[in-house]
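One structure below.
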Amino acid sequence: MKLTFLGTGTSTGVPSIGCRCETCLSTDPRDKRLRVSVLVEHAGKSILVDTSIDFRQQALRADIRYLDAVMITHCHVDHVFGLDDIRPLNFRHGAMGVYANDVAWTGLRQMFSYIFEPTHFGGGLPQLVPHTVTPGSSFSFGKELEVTPLEVIHGKLPVIAYRFNDFAYATDLKSIPAESKDGLRDLDVLVLDCVRLKKHATHLCLEEALAYIDELKPRRSYLTHLNHDILQSRESRLLPENVHFAFDELQVEGAI
Ligand SMILES: [Zn+2]
Ligand SMILES: [Zn+2]
Ligand SMILES: [Zn+2]
């Protein structure tokens, strides 16, 4: 299993337009954050989580040539506004399976109405094969990659965290319901939301993220959806062993 962080920034990205703070002016490449997305590769399968607003740039940077499917966590602009940019992959490989929960599909059908109710002529449209996920109902790609959608709560919005064998990706959440916690145990790698140092209404802050890590006990954890509070060289000192701030282009490999 290999996880590539395509983006690790909060919804504005880092640097944030117009900001002159230490992080936004930092020359450390680990402080330059596109909007959150990861690529999961295992046993010949490639799965993208979220078509972020920066997807085109991320796909070119990571040299993505093929995807088996896209998993959508939720329908917020930072996570889905790159959906139109799957078209070059459609041109080469045909329609793409896209997985999301009911709530996200309602949002996607409104936000991308031109895809679902084509009214214009000329220009290629994204070609999707929609799949609706149900929390706790696993499915597989090939024989070796099992995906389990799990529900987490982002303010009031139900968001899907995805478990891939013993890796899990859980962003944009304020709380993890008890039934989902059971699906997030015995992990090699947990990627978890951590928007900033101070408390936030709809995201985990650092203290809350560390409390969940302490409870769920993954072997390794990576924090993502980071805003400009987090200067890698400074805030990394606040983290316990085996917990890290993720950064763009970081790759994490599994034991198996
Ligand atoms: Zn977000
Ligand atoms: Zn800043
Ligand atoms: Zn969100």
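The values are calculated or read from the model by the stated rules, or taken from the named source; none is laboratory data. Remember, predicted model here, so these are calculated numbers, not experimental data. Neighbour counts run over all protein chains shown; Cβ positions are idealised from the backbone, glycine included. Calculation scope for accessible area: heavy atoms of the full protein, side chains included, ligands and nucleic acids excluded. Shrake-Rupley method; radii C 1.70, N 1.55, O 1.52, S 1.80 Å.
Enter the angle in degrees (range 0 to 90, nearest 10) between the Cα long axis of helix 102-111 and the first principal axis of the Cα atoms of the chain, meaning the one along which they spread out most.
The angle comes out at about 70 degrees.
Roughly how compact is the chain, stated as its Cα Rg over 2.2 N^0.38 Å to two decimals? Write down the numbers at each step before the final one.
Values: Rg = 17.4 Å, N = 256, 2.2 N^0.38 = 18.1 Å.
Compactness ratio reported: 0.96.
Which three lengths, in whole Å and largest first, does segment 141-222 cover when its Cα atoms are put on their principal axes?
42, 26, 19
Using only Cα atoms and rounding to the nearest 10 degrees, what angle (0 to 90) does helix 206-216 make with the longest principal axis of the chain?
Computed tilt is about 80 degrees.
Taking only pairs that are 8 or more places apart or on different chains, how many Lys pairs in the chain have Cα atoms under 15 angstrom apart?
Working: LYS2/LYS45; LYS45/LYS143; LYS156/LYS174; LYS174/LYS198; LYS174/LYS199; LYS181/LYS217.
Count of close lysine pairs: 6.
Can you compute the charge dipole magnitude of the chain about its Cα centre, using +1 on each Lys and Arg Cβ and -1 on each Asp and Glu Cβ, nothing else charged? Give it in debye, rounded to the nearest 20.
Values: 27 positive and 33 negative charges, 81 e Å.
The calculation lands at about 380 debye.
Measure off, as a whole percent, the carbon and sulfur share of the 1.4 Å-probe accessible area of the chain, all protein chains present. Provide the component values of the computation, followed by the final result.
Details: 5810 of 11560 Å².
With neighbouring chains kept in place, the figure for the chain is 50 percent.
By average Cβ neighbour count within 10 Å, what is the ranking of 142-152, 188-198, 234-244, 60-70 from highest down? Intermediate values should be presented prior to the final figure.
On the way: 142-152: 17.8, 188-198: 22.8, 234-244: 12.9, 60-70: 15.0.
Those peptides, ordered most packed to least, come out 188-198, 142-152, 60-70, 234-244.
From zero up to wherever the largest Cα-Cα distance of segment 1-129 sits, split into 10 Å bins and tell me the percent of pairs in each.
Spelled out per bin, shortest first, that is 12, 41, 31, 14, 2.
Can you give the accessible area per residue of segment 24-110, in Å², using a 1.4 Å probe? Spell out each step's value before the answer.
On the way: 3600 Å² over 87 residues.
Ligands and nucleic acids excluded, the result is 41 Å² per residue.
Any idea of the accessible area per residue across segment 192-256, 1.4 Å probe, to the nearest Å²?
Details: 3230 Å² over 65 residues.
Here the residues of segment 192-256 average 50 Å² of exposed surface.
Below 15 angstrom from the Cβ of ALA209, what's the summed charge of the other residues (Lys, Arg +1; Asp, Glu -1)? Provide the component values of the computation, followed by the final result.
On the way: positive: LYS174, LYS181, ARG196, LYS198, LYS199, LYS217, ARG220; negative: ASP172, ASP193, GLU207, GLU208, ASP214, GLU215, ASP229, GLU235.
Here the charged neighbours net out to -1.
Dividing the alpha-carbon Rg of segment 63-198 by 2.2 N^0.38 Å yields what? Don't skip to the answer; put the middle values down first.
Values: Rg = 15.9 Å, N = 136, 2.2 N^0.38 = 14.2 Å.
Dividing the Cα Rg of segment 63-198 by 2.2 N^0.38 Å gives 1.12.
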